[in-house]
Amino acid sequence: MDPPPADNILNSMYQLWVLGALNVVGNLTDLSWKMVEFPLDPPLAKMLLMGEQLGCIKEVLTIVSMLLVPSVFFRAEESDAAGEKFFVPESGHLTLLNVYQQWKANQYRGDWCNDYFLRVKELRKAREVRSQLLDIPRTLKIPLTSCGPNWDIVRKAIGSAYFHTAATLKGVWEYVNCRNGMPCHLHPISALYGLGYTPDHVVYHELILTAKEHMQCATAVEPQWVGVVLGKAMKIIPMAMDINMR
């Protein structure tokens with residue numbers, strides 16, 4: 001078996017450093033030992049631990065669980081219209097949280113899912129994943145805190161986890177990744193279209209490569225959330241200004 005390319009190793013180490021799992025000399029931090037307790041990709045593990053720090057771990061647990069299953073939305077004209085009822089304009093991540101909480105408020109009923117063109121099978125998977133993930137903070141004696149309706153706190157946790165996918169506005173619904181300059185676009189059914197304006201800064205879960213690079217599950221963030229929460233020397237604001245001046 002061939003070793004992984006050196007660039008891949010360096011990119012992985014960079015991501016771990018950005019997330020706070022490695023220090024400046026490449027050694028594991030205390031945070032990294034907590035992250036490995038969660039069987040998740042590093043950004044999702046970091047999001048959960050930021051949820052602990054910011055007092056919104058219950059909400060973040062739900063979002064992570066929804067990200068770990070296939071889309072809960074059917075793709076059809078009726079489905080798109082029904083899905084808009086759940087949109088949280090600032091965030092695709094918060095939209096997933098809203099869907100789950102609405103389903104919970106309706107006793108996890110399958111007929112309710114059918115009424116709103118939601119995939120009950122995937123929602124049930126997300127509920128099962130969430131139940132399994134809950135065991136980890138309980139074992140680690142991490143308090144299961146909730147921020148209630150103050151979802152801006154959740155967006156801060158999201159921003160800290162997706163530092164490597166931070167993107168800044170360049171044109172009409174067009175963004176560029178602040179780290180590598182890759183162009184990316186809002187997905188046609190993104191919740192962010194409901195804002196009525198184009199946010200200057202977003203983070204996203206991943207890119208879908210079609211005719212364009214579409215951001216899946218994008219969330220509008222304040223640039224200081226991404227830089228200050230991590231306490232890194234790298235800042236989003238100067239990078240964004242530099243890109244917009246090109």
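Brief remarks follow.
- Considering Y197, Y162, the condition of being on the phi < 0 side of the Ramachandran plot, among the aromatic types (F, W, Y) and surrounded by 23 or more Cβ atoms within 10 Å (Cβ to Cβ) is satisfied by Y162 alone.
- Hits in the stretch 193-212 - residues which are over 12 Å from W173 (Cα atoms) and acidic (D, E): E206
- Qualifying positions in the stretch 147-159 - of a type in the set (A, V, I, L, M, F, W, C) and buried (at least 24 other Cβ atoms within 10 Å of the Cβ): V154, A157, I158
For (1) β-branched (V, I, T); (2) within 18 Å of E90 (Cα to Cα); (3) over 12 Å from the mean Cα position of the chain (by Cα); (4) at pLDDT below 85, each residue gets a yes or a no:
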residue: V154; (1), (2), (3), (4): yes, yes, no, no
residue: Y162; (1), (2), (3), (4): no, yes, no, no
residue: S190; (1), (2), (3), (4): no, yes, yes, no
residue: Y204; (1), (2), (3), (4): no, yes, no, no
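- For P183: the one exception among (1) over 18 Å from E90 (Cβ atoms); (2) in contact with a helix residue (DSSP H, G or I) (Cβ under 9 Å, 6 or more places away or on another chain): (2)
- Reported count of residues in the stretch 148-178, each being farther than 16 Å from L96 by Cα and of a type in the set (A, V, I, L, M), is 6.
- Residues of the stretch 80-133 that turn out to be among the β-branched types (V, I, T) and free of Cβ contacts under 8 Å to residues at least 12 places away in the same chain, as a count: 1
- Qualifying position, being touching a helix residue (DSSP H, G or I) at 6+ places or on another chain (Cβ under 8 Å), more than 18 Å from D41 (Cα to Cα), modelled with pLDDT under 90 and surrounded by fewer than 18 Cβ atoms within 10 Å (Cβ to Cβ), among L144, L140: L140
- Of the helices (runs of 4 or more DSSP H) lying entirely inside the stretch 74-122, those containing at least 1 residues that are at pLDDT 90 or above and loosely packed, with under 12 Cβ neighbours inside 10 Å are 92-105, 110-115.
The values are calculated or read from the model by the stated rules, or taken from the named source; none is laboratory data. Bear in mind that the values here come from a model prediction, so they are computed numbers and not experimental data. With ideal geometry, Cβ positions are generated from the backbone for all residues, glycine too; neighbour counts draw on all protein chains shown.
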